[in-house]
Amino acid sequence: MATLRTSARRRRGRVRRARAHAVAVGLSALVVVPLSARAQPVPIRDLVRMDFDVPTRLVGYGIVVGLNGTGDRNVAQLGGGQTVRSIANLLRSLDITIPPEALRTRNAAAVLVTAEISPYLRAGGRFGVQVASLGDASSLRGGVLWMTPLISEIDGPAIATAQGPLVLSDGGVAAGAIGVETSARIPEGGLLDIDPAAPAFQNLDRLVLRTPDLGVAQLIVDAIETGVGAGTAAIEDPGSIRLTLASGDAAGRAQTLSRIASLTVSPTRTPRVVIDGRDGTVVAGGGISVGEAVVSHDGLTLAIDAAPPAAGGQAGQLRLAAGASIQDVAAALYAVGAAPRTLAAIFEALRDVGALSAELIVR
């Protein structure tokens, strides 16, 4: 019996040592992986687009149905007349005739439908669409877009259609946020019906940087010259790179362009802070700090100075030490219930006075 107990203790000891080793390996992986991720090069295809690769913008007028009494009012004098007429016309196209004055449209709303597609998308391709109310509907939640023709130019033919259930953002439930339910999106709700006029791929001989930058352009040229051959690429300006490809058939040029797109460079990452002005989401790269400044907005004062923050403090006042991170500032503003618009305004003020040395994008 004693031998059995000793053997069991040994097995438990081996299991504990194996688990400890596994934890140590896991922790070391957690330390190593982020460091290697930061050093990862970026494919050229993520930094540039082909010349003339300009998205095609689509627009259409449609009707959202299935609302729970939150649609447009049906009395013309109160702003819902165009919705009533639109529904009557749509029903007439289905051989259903109903007098407009007999319609009640509180479950429907007139909307504008917009989208952007690649010029190389072909018939049958799907894409996402944006939907926004045109009338006095209070909410589009729960609605379904009636099949809507989409055009790319005024008085032009419809080249796509859109339909499907609407998806609304629930970010408005954050403290102090103002919910916006009169705009929505339909993922993969658009369908291209005919092929648009796309540029000739074999004639493309220029790369256009998505964000013009002379340093990044030089890195791309160096990578192409090394990977494809000398004299293949040259900088035209900070946003454009001229390609000189060997003459040949379309397949050969396509292969060369694909090879160029797969080459990688390691550009210096630009400090950037992105703020969603509707739900207050803040996204920032690591290592961005905030310098000394004092900002007062909407009854709230944020002071960032060299002195350490005092315990307690007065209502409506926040104090952080200079060098605080973006995350520290955002957490402090969240803690006092700052509205998303207030948070965005404070970060804009910090950038304007030079306390925030980063590109700020408010959406």
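V48's amide H: which non-local residues (gap 5+, or another chain) put their own amide H closer than 5 Å, with H modeled 1.01 Å from N in plane and none for Pro or chain starts?
Under 5 Å from the amide H of V48: R210.
Highest mean first, what order results for 149-158, 223-232 on Cβ atoms within 10 Å?
The densest-packed peptide leads the list: 223-232, 149-158.
When you count, for each residue, the other Cβ atoms within 10 Å and take the mean per peptide, how do 104-112, 82-90 rank with the highest first?
Listed from highest to lowest mean packing, they are 104-112, 82-90.
Quick one: net charge of V48's neighbours, Cβ under 10 Å, K/R +1, D/E -1?
Around V48, the surrounding residues sum to +1.
Every number in this text was worked out from the coordinates using simple rules, so none of it is lab data. Computed from a prediction, not measured in an experiment: that's the story for all the values here. Cβ sites come from the backbone with ideal geometry, for glycine too, and all protein chains shown count toward neighbours.
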